[in-house]
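Notes to accompany the following structure.
None of the figures in this text is laboratory data; all of them are computed from the coordinates on show. Worth saying up front: this structure is predicted, and the values here are computed from it rather than measured. Cβ: placed from backbone, ideal geometry, glycine included. Neighbour counts: every protein chain shown.
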Amino acid sequence: MSIACSTVKMTDKNGDLNFLNQEAKQWRDIPKEPIKYAPKSETIMLSGGLTILQDQLIQAALQSLGENYISMPNPDFESFQTGKAYGNKGQCNPTYFTVGNLVKYLKGLRDEKGLSEKEIVEKYVYITAGGCGPCRFGMYITEYKKALRDAGFDGFRITSFEHDKGIFQGDDIDDEILNFTPKFFITLIKAVIIGDIINILGYKMRPYEVEVGSVDNAIEKCRMIVSDAFTSHSSLIKAMWTCRKELSTVELNRLQPKAKVMVMGEFWAAMTEGDGNYNLHRFLEAEGAECIPQPILNRLMLSLWEAERAVKKRQALAVEGAKSIDFSSAKTRLLIKAGKAAIKTHFNLYAKAIGLHDYEIPDMDKLASLSKEYYTLDCEGGEGHLEVAHLIESVKDNLSHLVISVKPFGCMPSSAVSDGVQSLVTNRFPEANFLSIETSGEGAANFYSRVQMALFKAKQSAKEEFEALHIPKTIPEKVNNYLYQPHNTKAGSAAKLVESLGV
């Protein structure tokens, strides 16, 4: 354990050996003493864990509904150390980073803002994802409660949600505390979708900016514009049009051959922007690459696809005496289709308004068809068959020069795919440039070294692709405008632009 980590001391029973020779007792994740929690009007919700932009937009969106909601700061290495100090041994990165981030935040409320532990426990509640996946994910809630108890916040409320079971409350949460209404979720999804769109454009533009930091500055202005639209209940489409003007002011030099790298893998490790994956996206950009991120939208569409498939499988079962028409299944399928239509409609409206023209919402049926020969569609752990599908699609459709699958050390669902199934895929598609890599919280030097080795080959491919084309002497101004997004079979952005000129 590092010196910084060892300085984090638990407030209770640190070094106490009185447990020796005592009878073992069953773990109970309920507070020792009854707690009278604050009413809804005084309760503050905490959450976070998506991209930095999306967390900020979600805060603005939910506060516009009158919710006392705060998006927590992005987890950093100190969060990881705190998680290791208060958590059980052998957990994965997402557990340590997210649990440690919550403990660190609450300790800041206590030590820096002067709130008492009692006041924090009574007034705050944390929202997180829960589930029973084939890994440590199913133990997240218990890990939160164990760490919070040891940090002095026994009885702190945790509520979680699952994509296939809706919302369920923790043991001590009154049903009236959290307003999980359709309006709540629709507003939440809008914030996530808009965050995805702006993030996608940011990754497309940032590697080609003439002035370093200009894209980030424009995106920050876009965040403020959209946040104001949520707060004032004004048109989000109009806000995205305003963002279009801000992004158009950024000067770009897009005729630079850069390796295009698709980043996928375990959901949190591939999505997070920070120490949780060693700032992988920014590292790739610094090394001369353009990233293709995996938006949250992909996870939403996968969840709907899995739910629809489950309904179809139930209907296919022959049950003697069953109704000829199962109205409950028909209603579920109708709701799923409505959900998909709503997501696609909002995405397309916002994308067109801000000027994202060349991004297509993933076709889950197509991806399932690509991967079913290699990975069973019935295994829904982690990203399921998507990791296999993305690699095959990248090769067949020439989407990137390198595919990186990143996951926490020991992530069972993702490692089983990347270290097992993908070896068969790469054997059948030898042209694939694929890297499976793990994060452990430490060991950044080894991580970066492996990425650089795979990236060298990708850079060579991007350079050869670009130099094989004839570059015209006169380049139209539209080439350096982010709104010009041509479609063709080239992988690199610069090669796509030159190819589109038809010389």
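Once backbone amide H atoms are built at 1.01 Å from N, residue 124 has 44 as its partners under 5 Å, excluding neighbours fewer than 5 places away on the same chain. Quick one: helix 327-354 against the long Cα principal axis of the chain, what's the angle to the nearest 10°, folded into 0 to 90? The angle comes out near 60 degrees. A simple count of charges around residue 438, restricted to other residues whose Cβ falls under 13 Å of its Cβ and scoring Lys, Arg +1 and Asp, Glu -1, yields -1. Simple spin-label estimate for residue 344 and residue 251 gives 4.2 nm between the two label positions (7 Å along the Cα-to-Cβ direction from each Cα). Estimated from the Cβ-Cβ distance and a Förster radius of 22 angstrom, the FRET efficiency linking residue 299 and residue 331 is about 0.35. Dividing the convex hull volume of the alpha-carbon atoms in the chain by its residue count gives 187 Å³ per residue. Close amide H pairs (under 5 Å, H built 1.01 Å from N) link residue 436 with 405, residues at least 5 positions away or on another chain.
Helix 296-316 and the long axis of the chain differ in direction by around 80°, with both axes built from C-alpha atoms.
Summing Lys and Arg as +1 and Asp and Glu as -1 over all other residues whose Cβ lies under 10 Å from the Cβ of residue 388 gives a net charge of -3. When the pairs 245/331; 313/352; 40/104; 245/337; 104/245; 340/407 are compared against a 31 Å limit on Cα-Cα distance, 245/331; 313/352; 245/337; 104/245 fall above it. Compared with the dominant principal axis of the Cα atoms in the chain, helix 93-111 is inclined by about 60°.
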